[in-house]
1. Please find the FRET efficiency linking I8 to E115, where r is the Cβ-Cβ separation and R0 is fixed at 25 Å, and quote it to the nearest 0.05.
2. Quick one: with all protein chains in place, what share of the accessible area of segment 1-97 is carbon or sulfur, to the nearest percent (1.4 Å probe)?
3. Quick one: if you stick a label point 7 Å off each Cα along the C-beta vector at A107 and V145, how many nm between them?
4. Each residue of segment 45-56 in order: what ³J(HN,Hα) in whole Hz does its phi give by Karplus 6.51 cos²θ - 1.76 cosθ + 1.60, θ = phi - 60°, with x for Gly and Pro?
5. Amide H neighbours of I133 under 5 Å, at least 5 residues apart or on other chains, H built in the peptide plane: list them.
6. Using θ = phi - 60° and the Karplus relation 6.51 cos²θ - 1.76 cosθ + 1.60, list the HN-Hα couplings for segment 148-156 in order, rounded to whole Hz, with x at every Gly or Pro.
7. Which semi-axis lengths, in whole Å and largest first, follow from the square roots of five times the eigenvalues of the Cα gyration tensor of segment 1-121?
8. Find the relative contact order for segment 28-102 and round it to a whole percent, using C-alpha pairs within less than 8 Å whose residues are 6+ positions apart.
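The values are calculated or read from the model by the stated rules, or taken from the named source; none is laboratory data. Treat the numbers as computed from the prediction; the structure is a model and nothing was measured. Here the Cβ is made from the backbone with ideal geometry for all residues, glycine too, and neighbour counts use every protein chain on show. For accessibility, only protein heavy atoms count, side chains too; no ligands or nucleic acids. Shrake-Rupley method; radii C 1.70, N 1.55, O 1.52, S 1.80 Å.
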Amino acid sequence: RNANAYGILVGSLGDNATIENSGAITATANGDVNANAFAIFTGGSGTVINTAEGSITGQVNIAGDFTNLGTHASVITDSSNYDQSVVGGTADYSNGTLTSDTANLSAVEDGDRFEDIISAGTLVINDSQLGEIGDSSAQYTFEAVRDGETIDVVATRVALDALVSGDLQGAASALESL
């Protein structure tokens, strides 16, 4: 049975209202981060700000505007189970960090594209924040790619010989060719 989980739930955040996060917010449902778990979920047209000290792990669904000055980690488990954050207004990531959390990575393949990790009415992000984003996987790198007003993430498998040094590189190269 599916359960819904919310770190912060505000049914209707007013026009002039602002929520500021300076702590850590993570939401899980049924013990897992999934489509029914929201770190922050708001209705209305107010603003949510993740301050420089703030850390959000998981998806957000914000009807108004969102400014990320801290860290927002999108959780990726496999090709069909990953966060998709939605911001109805402006999502401003220009002064914060976007990263991926792959601690529970199970079934990802080289070239997998995780569509719409972030989508917004208007997306503000610097080109320097795109490209390889931090992750917790030794097997894959994850690259953030802008796609209109959305951000997709693409997985690239790390070659075995890049993970080892010295005499083991020859063995790793041989295993790669199998």
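1. Once the sixth-power term is evaluated, E becomes 0.50.
2. Answer for segment 1-97: carbon and sulfur cover 43 percent of the accessible area.
3. In this crude label model, A107 to V145 measures out at 2.2 nm.
4. 10, x, 10, 10, 10, 8, 5, 4, 8, x, 9, 10
5. Residues meeting the criterion, in which the H sits 1.01 Å from N, are F142, E143, A144.
6. x, 9, 10, 10, 9, 10, 10, 8, 10
7. Working from the Cα gyration tensor, I get semi-axes of 23, 16, 13 Å.
8. The value is 30 percent.
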